[in-house]
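*Asks:* This is the structure I want to talk about, given as structure tokens.
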Amino acid sequence: MKILQINKFYYLKGGAERHVFALANLLRQAGHEVIPFSMMDENNEAMSFDQYFPEPVSLDKFNLKNIFKLFYNREAAQKLERLIKAERPDIAHLHNISHQLSSSIVNVLKKYHIPIVQTLHDYKLICPNYKLFSCGEVCYKCRGGKYYNCLFNKCVKNSYSKSLLATLEAYYCRWQRIYEKINLFIAPSRFMKDICVSFGIVENKIKVLNHFNDKVASVLTGEIGDEPYLLYYGRLAEEKGIEILIRAMISVEENLKLIIIGAGSDFGKIKNLIEKLKLTDKIEMLGPKYGAELNKYIVNSLAVVVPSIWPENFPYVVLEALSAGKPIIASASGGLKEMVADGENGFLFESGDVKDLALAISKLFGADREKLSRTALLLSKQYKPNSYLPKIIKIYQSLIDKNPTREKFKKYAAVILLLFFLLLTPLAAKAIYLKDSFPKIANYYL
């Protein structure tokens, strides 16, 4: 099977890219051919298809050319068409395409009758700013296609101009019926499917398929040292609820530190808050860590905290923590409620509630942490690659089998076979007659 994987970034930028690369490796190991399509970038992973990649589009460069590409990236459409003609993929799997690659590529795929499936890594399908989060709180104001709320509330980087573009893009995609042209959406969490359906997306067009985790952390090296610590790692942004976690640490009486790993727009703000609250001896910010170095901090932690105040989808942070046998302390929002069973593999708290988070942290010290760890490991087994692979292949194959072009071919093939049969039948009958008559004719002359 030839699978076209499309994502606007082709380097490890976030959870979406993590999934794109892991899925590509999984499919290749199973003998399938994966064809990438993305933007050109100096950070890209090396590959043989970059000749087809369009020039990068930077949203920081606010010019007319980039604004136009937000709605229709002509170069992306043309280069994708060249790639399709050269490789003839069986199916296209979309990930994040908005803004940079634009919806123009969907029309190209439909032109060549290529089935399209898209994984919903965020809420862009229903929310112009993709987060369902605005002005410091969860926001559903755009439900029913009321995208103008994005502009009125300055939902994109607190900017009227950027919010206007996001609003217009949402209306443009609706006018062009872009999402109607996608055959199937994959929702990594049940919450993602339910919220999309509540916003008006057809229910049978969304299938829930949890992400898989291809990186298994060793629990054998995990030892709680003399100075036990909680771990937060990931993007540092308002919706991640890190400020809630910092304020909760004031009420935690146990000898417990908090280590924060990551980078993001709120790095300076978080650092200033820690200093203002005089928590520098209790909270340590280490910046971004990757690979084995990050893994060391995960396996040696007491627990991993996910204090998000926006509705998380199905974060890899939790998958990695589970595979390391770590209890999770998470807000009871979004897909997190599907990953954390309160009191079994961690503890849930009311999203945005500082006191409830502090209480959840204190529960760790009265709980059977070995049992929590065993349950976490047990739950992590359902997110293995070998469980994911047959499910995604089944999705691909079902869409390929339903492809109108293939159905048309089947009909033509059936007609040809019928005509061939009708033509062959009298010839076969004549041949049988001659075969039976030949001995009689021979005896007559002999």
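The values are calculated or read from the model by the stated rules, or taken from the named source; none is laboratory data. Because the structure is a prediction, the values reported are computed rather than measured. Every residue, glycine among them, receives a Cβ derived from its backbone with ideal geometry; neighbour counts consider all protein chains shown.
*Asks:* Residues in the range 311-318: is at least one in a helix (DSSP H, G or I), under 17 Å from L230 (Cα atoms), out of contact with any helix residue (DSSP H, G or I) (no Cβ under 6 Å at 6 or more places or on another chain) and not basic (K, R)?
*Replies:* yes
*Asks:* Of the numbered conditions (1) over 22 Å from the mean Cα position of the chain (by Cα); (2) closer than 30 Å to Y112 by Cβ; (3) not hydrophobic (A, V, I, L, M, F, W, C), N158 fails exactly one; give the number of that condition.
*Replies:* The one condition N158 does not meet is (2).
*Asks:* Here's another thing I want to ask about it. Consider K278 carefully, then state whether it is surrounded by 13 or more Cβ atoms within 10 Å (Cβ to Cβ) and not assigned by TED's automatic domain parsing to the domain that holds K131.
*Replies:* no
*Asks:* Moving to a separate point now. Right, V197: surrounded by 14 or more Cβ atoms within 10 Å (Cβ to Cβ) and without any contact (Cβ under 8 Å) to a residue 12 or more places away in the chain or not?
*Replies:* Spelling it out, V197 is indeed surrounded by 14 or more Cβ atoms within 10 Å (Cβ to Cβ) and without any contact (Cβ under 8 Å) to a residue 12 or more places away in the chain.
*Asks:* Here's another thing I want to ask about it. What number of residues within the range 324-338 satisfy the criterion of being surrounded by fewer than 24 Cβ atoms within 10 Å (Cβ to Cβ) and part of a helix (DSSP H, G or I)?
*Replies:* Total meeting the criteria: 2.
*Asks:* So, one more: Among the residues of the range 76-100, write down those that are modelled with pLDDT of 95 or more, farther than 14 Å from L4 by Cα and not small (G, A, S).
*Replies:* Listed by number, the list holds a single entry, Q78.
*Asks:* What do you reckon, is P36 part of a strand (DSSP E or B), in the same structural domain as H95 (by TED's automatic domain parsing) and either surrounded by 17 or more Cβ atoms within 10 Å (Cβ to Cβ) or under 15 Å from the mean Cα position of the chain (by Cα) (or both)?
*Replies:* Criteria met by P36.
*Asks:* Further question: So Y130 ticks every box in (1) within 29 Å of D401 (Cα to Cα); (2) of a type in the set (S, T, Y); (3) surrounded by fewer than 20 Cβ atoms within 10 Å (Cβ to Cβ) but one. Which box is left unticked?
*Replies:* (1)
*Asks:* Oh, and also: For the list (1) farther than 29 Å from Y171 by Cα; (2) assigned to a helix (DSSP H, G or I); (3) at pLDDT below 95, I need the number of the one condition that L26 fails.
*Replies:* L26 satisfies every listed condition except (3).
Quick grid of which residues meet (1) surrounded by 15 or more Cβ atoms within 10 Å (Cβ to Cβ); (2) at pLDDT 95 or above; (3) assigned by TED's automatic domain parsing to the domain that holds E254; (4) in contact with a Ser or Thr (Cβ under 7 Å, 6 or more places away or on another chain):
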{"residue": "V340", "(1), (2), (3), (4)": "yes, yes, yes, no"}
{"residue": "G346", "(1), (2), (3), (4)": "yes, yes, yes, no"}
{"residue": "E350", "(1), (2), (3), (4)": "no, yes, yes, no"}
{"residue": "V354", "(1), (2), (3), (4)": "yes, yes, yes, no"}
{"residue": "L357", "(1), (2), (3), (4)": "yes, yes, yes, no"}
{"residue": "F365", "(1), (2), (3), (4)": "no, no, yes, no"}
{"residue": "L372", "(1), (2), (3), (4)": "yes, yes, yes, no"}
{"residue": "I395", "(1), (2), (3), (4)": "yes, yes, no, no"}
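*Asks:* Next question. Somewhere in the range 334-352, is a residue free of Cβ contacts under 8 Å to residues at least 12 places away in the same chain, out of contact with any Leu (no Cβ under 7 Å at 6 or more places or on another chain) and either among the hydroxyl-bearing types (S, T, Y) or over 18 Å from S189 (Cα atoms) (or both)?
*Replies:* No, every residue in the range 334-352 fails to be free of Cβ contacts under 8 Å to residues at least 12 places away in the same chain, out of contact with any Leu (no Cβ under 7 Å at 6 or more places or on another chain) and either among the hydroxyl-bearing types (S, T, Y) or over 18 Å from S189 (Cα atoms) (or both).
*Asks:* Please give the helices (runs of 4 or more DSSP H) falling wholly within the range 104-222 in which 1 or more residues are of a type in the set (A, V, I, L, M) and closer than 19 Å to W310 by Cβ.
*Replies:* Correct list: 160-175, 190-198.
*Asks:* Let me ask something else. Which numbered condition trips up I84, out of (1) part of a loop (DSSP other than H, G, I, E, B); (2) touching a residue at least 40 places away in the same chain (Cβ under 8 Å)?
*Replies:* Failed condition: (1).
*Asks:* Now, a different point. Out of the range 60-77, which residues are in contact (Cβ under 8 Å) with a residue 12 or more places away in the chain, closer than 23 Å to K181 by Cα and not hydroxyl-bearing (S, T, Y)?
*Replies:* Listed by number, the residues that qualify are K69, L70, F71, N73, R74, E75, A76, A77.
*Asks:* Does V57 qualify as being assigned to a loop (DSSP other than H, G, I, E, B), hydrophobic (A, V, I, L, M, F, W, C), in contact with a His (Cβ under 8 Å, 6 or more places away or on another chain) and in contact (Cβ under 8 Å) with a residue 24 or more places away in the chain?
*Replies:* In short, yes.
Rundown of residues vs (1) under 30 Å from A330 (Cα atoms); (2) surrounded by 12 or more Cβ atoms within 10 Å (Cβ to Cβ); (3) modelled with pLDDT under 95, yes/no style:
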site	(1), (2), (3)
R369	yes, yes, yes
K381	yes, no, yes
L399	no, yes, no
P404	no, no, yes
K408	no, no, yes
K411	no, no, yes
L422	no, no, yes
T425	no, no, yes
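*Asks:* Being surrounded by fewer than 20 Cβ atoms within 10 Å (Cβ to Cβ) and either closer than 26 Å to I393 by Cα or outside the structural domain of P36 (by TED's automatic domain parsing) (or both) is the filter here, so list the residues in the range 48-82 that pass it.
*Replies:* Matches in the range 48-82: S48, F49, D50, E81, R82.
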